1. With every protein chain in place, what's the accessible area of Arg12 (1.4 Å probe, Å², nearest 10)?
2. How much length would be gained if the chain were fully extended between Ile9 and Ala49, taking 0.36 nm per residue of separation minus their Cα-Cα distance, in nm to one decimal?
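The values are calculated or read from the model by the stated rules, or taken from the named source; none is laboratory data. Note that the structure is a prediction, hence the values are computed from the model and not measured. Surface accessibility is based on the protein's heavy atoms, side chains included, excluding ligands, DNA and RNA. Shrake-Rupley method; radii C 1.70, N 1.55, O 1.52, S 1.80 Å.
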Amino acid sequence: MNFHERAEINERQKARPAEAVSQVDTSEELVETPEAGSSLLALGGLGLAAIAMLGWVCALAWFAWRLVDWLLS
């Protein structure tokens with residue numbers, strides 16, 4: 001799309017502003033959604049992810065330690 005086409009589109013949209021934006025008139029009240037709060041399943045999942053992350057960090061540290069020990073011996 002070049003500059004001239006974009007300018008023509010902008011001019012057409014300015015010429016008919018009522019069609020460019022549509023609004024819905026509602027008289028009913030919107031229902032409030034309850035807040036999620038702290039869920040036991042979510043906390044359990046985060047706990048498992050934290051344990052897995054610590055496991056990976058420990059495994060990488062152990063591997064690096066063994067590699068350095070092997071290189072220095």
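1. The accessible area of Arg12 comes to roughly 130 Å².
2. Details: separation 40, 0.36 × 40 = 14.40 nm, distance 5.03 nm.
Result for the pair: 9.4 nm of gain on full extension.
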